[in-house]
1. Can you give me the number of residues within region 275-306 that are open to solvent by 30 Å² or more (accessible area, probe 1.4 Å) and either within 21 Å of Leu219 (Cβ to Cβ) or in contact with a Lys or Arg (Cβ under 6 Å, 6 or more places away or on another chain) (or both)?
2. Residues in region 52-85 that are open to solvent by 10 Å² or more (accessible area, probe 1.4 Å) and assigned to a strand (DSSP E or B): how many?
3. Looking at region 204-231 only, could you name the residues that are open to solvent by less than 60 Å² (accessible area, probe 1.4 Å) and modelled with pLDDT under 90?
4. Given the criteria closer than 21 Å to Val41 by Cα, aliphatic (A, V, I, L, M) and open to solvent by less than 10 Å² (accessible area, probe 1.4 Å), does Val149 qualify?
5. Could you tell me whether any residue of region 258-270 is aliphatic (A, V, I, L, M), under 16 Å from the mean Cα position of the chain (by Cα), within 23 Å of Phe91 (Cβ to Cβ) and in a helix (DSSP H, G or I)?
6. Out of (1) open to solvent by 90 Å² or more (accessible area, probe 1.4 Å); (2) farther than 23 Å from Glu205 by Cβ; (3) modelled with pLDDT under 85, the odd one out for Glu21 is which?
Amino acid sequence: MLSTPTDKLELHPLRTLLYEEMHSRPFQVIPSPARISHLSVQCDEAQKHAQFEHLQQLCHYFGAPLPEQDVPCFQGRFGDLQVRREKHLEFVAYTFIWLNGQSQDPFAETGISHLPPDWIEGIPGRLVAAFHLSVEDARNQLEPAIPAVKNYFDAMPLVGSQPSNGAAQVWTSFQLHGDGYGRFLIYNREMSDSQLGRLVQRLVEIESYRLMALLGLPLAREISPRLQQMDLQLAELTQTLSEEVHGEDERLLLSQLTKLASQVEAYRAQSTFRFNATTAYQDLLTSRIHDLREDEVSGHLTLQEFIDRRMNPAVRTCQAVAE
């Protein structure tokens, strides 16, 4: 049976855009081994436009065609270097993948090692997340013992995970190293290139959303003591209201209440977006961790255990101050 054509129907003007949205951020295909670097840069619309021009400079450096439109997700291939740029509501994410990493030290060479000098420093905006991911092929070599892995993380305490029912081994410290970057070490045991691409994308999003969610915590800590002082002031005003006040006292009381109300609204305007963003990033973070389907590594916290232990109190603090 032939289907009814749509050319005689009134089409919604956003119909094509809605279909394209589902395919606008495809998972990458990543072979083993690989060296990957990721940056998340907080920026406004003007800085996003400047970043697009900065991306064109990178394409020109490698002799590649310049992108004409600032699309939500740009992907380019420059020899053994893959570049991906994704625009989000308040930040832009860059992922650089070097497909020819062969050094014995997994972090001696990174995804940004082959970028032009000073290009990273020229990205407009404020850097929030910056970390390297090193992918090793455990099918062709033995995985090192845990003490040896720890050396790659400057002897920091490790968090371990075996995602996809043990198809890979992931190590991280969730800390910054001497170069100012975080680190993830991935041993691919039996994943295809497509599966590895999805794993890397989830790890990238977990670390980025974790840090973006935590942006609300300093603001909550800053506002909370002031709110406590306002609570005490309100209690005093309430006590005064229970007494008989007249004339000048009434006008003074009204002035104090009005000032208190304006302070509340000022804090609300200052914090509403940030606290709502914290909740939204936390929801995304929880979803990405669930997608890992990770098993425990004996003697080490999993990614979920570590993040839940640290993130839940921070998010609850933001929610409490917001309420």
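The values are calculated or read from the model by the stated rules, or taken from the named source; none is laboratory data. A quick note: this is a predicted structure, and the numbers were derived from the prediction, not measured. Quick reminder, even Gly has a Cβ in these numbers, built from the backbone with ideal geometry, and neighbours come from all protein chains shown. The accessibility values were calculated without ligands, DNA or RNA, using every heavy atom of the protein model including side chains. Shrake-Rupley method; radii C 1.70, N 1.55, O 1.52, S 1.80 Å.
1. Residues in region 275-306 being open to solvent by 30 Å² or more (accessible area, probe 1.4 Å) and either within 21 Å of Leu219 (Cβ to Cβ) or in contact with a Lys or Arg (Cβ under 6 Å, 6 or more places away or on another chain) (or both): 7 in total.
2. The number of residues fulfilling the criteria is 7.
3. Answer for region 204-231, where residues must be open to solvent by less than 60 Å² (accessible area, probe 1.4 Å) and modelled with pLDDT under 90: Leu227, Met230.
4. Answer is no for this residue.
5. Within region 258-270, not a single residue is aliphatic (A, V, I, L, M), under 16 Å from the mean Cα position of the chain (by Cα), within 23 Å of Phe91 (Cβ to Cβ) and in a helix (DSSP H, G or I).
6. In the conditions (1) open to solvent by 90 Å² or more (accessible area, probe 1.4 Å); (2) farther than 23 Å from Glu205 by Cβ; (3) modelled with pLDDT under 85, Glu21 misses (2) alone.
Listed here are the residues, each with its yes/no results for (1) β-branched (Val, Ile, Thr); (2) within 21 Å of the chain's Cα centre (by Cα); (3) within 21 Å of Asp308 (Cβ to Cβ).
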residue: Ala130; (1), (2), (3): no, yes, no
residue: Leu133; (1), (2), (3): no, yes, no
residue: Ala138; (1), (2), (3): no, no, no
residue: Gln141; (1), (2), (3): no, no, no
residue: Ala145; (1), (2), (3): no, no, no
residue: Tyr152; (1), (2), (3): no, no, no
residue: Leu158; (1), (2), (3): no, yes, yes
residue: Pro163; (1), (2), (3): no, yes, yes
residue: Ala167; (1), (2), (3): no, no, no
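Here is a yes/no grid of residues against (1) out of contact with any Gly (no Cβ under 7 Å at 6 or more places or on another chain); (2) without any contact (Cβ under 8 Å) to a residue 40 or more places away in the chain; (3) hydrophobic (A, V, I, L, M, F, W, C):
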| site | (1), (2), (3) |
| --- | --- |
| Gln256 | yes, yes, no |
| Ala266 | yes, yes, yes |
| Gln270 | yes, no, no |
| Arg274 | no, no, no |
| Ala280 | yes, yes, yes |
| Asp283 | yes, yes, no |
| His290 | yes, yes, no |
| Leu301 | yes, no, yes |
| Asp308 | yes, yes, no |
